[in-house]
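Only one structure is covered here, and it is reproduced in the block below.
The values are calculated or read from the model by the stated rules, or taken from the named source; none is laboratory data. All values reported here derive from a predicted model rather than from experimental measurement. Heads up, the Cβs are rebuilt from the backbone with ideal geometry, glycines too, and the neighbour counts pull from every protein chain shown.
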Amino acid sequence: MRFKRIFLMVLDSLGVGEAIDAINYGDTGANTLGHIKEKYDLFIPNLAKIGFLDTINMNDNPKVEAYYTIAKPNNAGKDSLNGHYEMMGIENHIPFKTFNQGFTFDILSGIEEVTSRRVIGNKCCQDASIIQELGERQQNYGALIIYTSADSDLQVAAHEDCIPISTLYEYCERIRALTLRDEWRVGRVIARPFTGTPGHYRFIHSARRDYSVKPPEKSVLDSLVEAKYNVIGIGKINDIFDGQGINKQMKANNNMEAINKFTDIIDKNFTGLCMVNLADFDSM
């Protein structure tokens with residue numbers, strides 16, 4: 001390696017302009033960082049010093065202390081898996097499927113068959129409002145709340161007092177096997193246990209578990225591990241790559257915890273790559 005340590009931070013969904021296929025996903029005019037900057041007086045002096053804000057319009061700013069640029073994706077689809085795959089050198093031209101209008105009847109009936117549980121929800125939701133809306137019904141029926149975040153994911157929520165977390169994990173493993181079929185091709189199945197009382201439900205973030213597909217080919221992460229370098233994954237990095245090419249994982253319940261672990265790793269002596277994912281910039 002030319003460098004002893006490389007740090008890669010992914011600000012999930014924090015884009016600086018639409019991709020060339022934005023029209024295919026209803027994302028025309030997308031520019032999360034630009035739109036935030038329009039509404040708020042961002043005080044981010046350290047990021048500004050490395051050209052972060054200049055990426056919005058690709059201004060030529062000689063005063064910055066780093067290289068900055070923008071990249072356009074080649075991989076098909078707009079989901080987290082394909083984006084992370086491409087960053088780590090994996091080509092994948094068959095997009096994972098999204099189900100923003102709800103999952104098909106055969107997927108839902110398959111879930112009910114492999115879990116012996118009723119399914120409710122079946123909608124797109126990017127925050128905790130889904131459990132406020134359906135949490136009490138889930139408890140009353142002993143059902144599974146099925147929803148998607150508009151990514152290629154199938155999320156499964158259940159109250160821990162109604163369906164034990166270990167049982168929810170078992171259900172998600174069965175659903176994971178079910179949704180590997182080519183005609184469905186769901187990128188991730190996500191277990192989302194929650195707790196609390198009606199009107200005050202909350203996700204148990206520390207118990208979230210993602211069941212991703214295996215990467216379709218070897219990545220840069222695998223090459224680093226094979227060469228005996230450290231590959232440290234913080235946040236959901238390990239889940240995204242299904243553990244492949246990661247030799248040290250660090251869970252994080254939220255972005256602040258991920259940043260704290262990231263800055264702690266900066267002080268450590270290691271040789272290799274540390275990759276961290278900070279999530280939810282599009283929804284929070």
Inset, instruction - Looking for whichever is over 30 Å from ASP222 (Cα atoms) and touching a residue at least 24 places away in the same chain (Cβ under 8 Å) here; the options are ILE94, ILE120, ILE70. Which one fits? - result: ILE120
Inset, instruction - Determine if region 131-140 includes at least one residue that is modelled with pLDDT of 90 or more and under 21 Å from the mean Cα position of the chain (by Cα). - result: yes
Inset, instruction - Check GLY102, GLY77, GLY110, GLY89 and return the single one that is small (Gly, Ala, Ser) and free of Cβ contacts under 8 Å to residues at least 60 places away in the same chain. - result: GLY102
Legend entry - Meets criteria (at pLDDT 90 or above, more than 27 Å from SER152 (Cα to Cα), hydroxyl-bearing (Ser, Thr, Tyr) and surrounded by 14 or more Cβ atoms within 10 Å (Cβ to Cβ)) for TYR68: yes
Inset, instruction - Using the structure shown, decide if ILE44 is outside the structural domain of GLN126 (by TED's automatic domain parsing) and exposed (fewer than 14 other Cβ atoms within 10 Å of the Cβ). - result: yes
Inset, instruction - Can you tell me which residue among GLN126, GLN101 is within 18 Å of the chain's Cα centre (by Cα), surrounded by fewer than 18 Cβ atoms within 10 Å (Cβ to Cβ) and in a loop (DSSP other than H, G, I, E, B)? - result: GLN126
Inset, instruction - Exactly one condition in (1) surrounded by 15 or more Cβ atoms within 10 Å (Cβ to Cβ); (2) in the same structural domain as LEU154 (by TED's automatic domain parsing); (3) within 22 Å of SER13 (Cα to Cα) is not met by HIS205; state its number. - result: (1)
Inset, instruction - Considering each of ILE204, ILE246 in turn, give the residue that is of a type in the set (A, V, I, L, M), at pLDDT 90 or above, closer than 23 Å to LEU144 by Cα and in contact with a strand residue (DSSP E or B) (Cβ under 8 Å, 6 or more places away or on another chain). - result: ILE204
Inset, instruction - Could you tell me which residue of region 153-188 is nearest to TYR201 (Cα to Cα), considering only residues that are basic (Lys, Arg) and touching a strand residue (DSSP E or B) at 6+ places or on another chain (Cβ under 7 Å)? - result: ARG188
Inset, instruction - Show the residue pairs that are 6+ apart or on different chains and have beta-carbon atoms under 8 Å apart, the first residue being within region 39-56 and in contact (Cβ under 8 Å) with a residue 24 or more places away in the chain, the second being among the polar types (S, T, N, Q) and exposed (fewer than 13 other Cβ atoms within 10 Å of the Cβ). - result: THR55/THR69
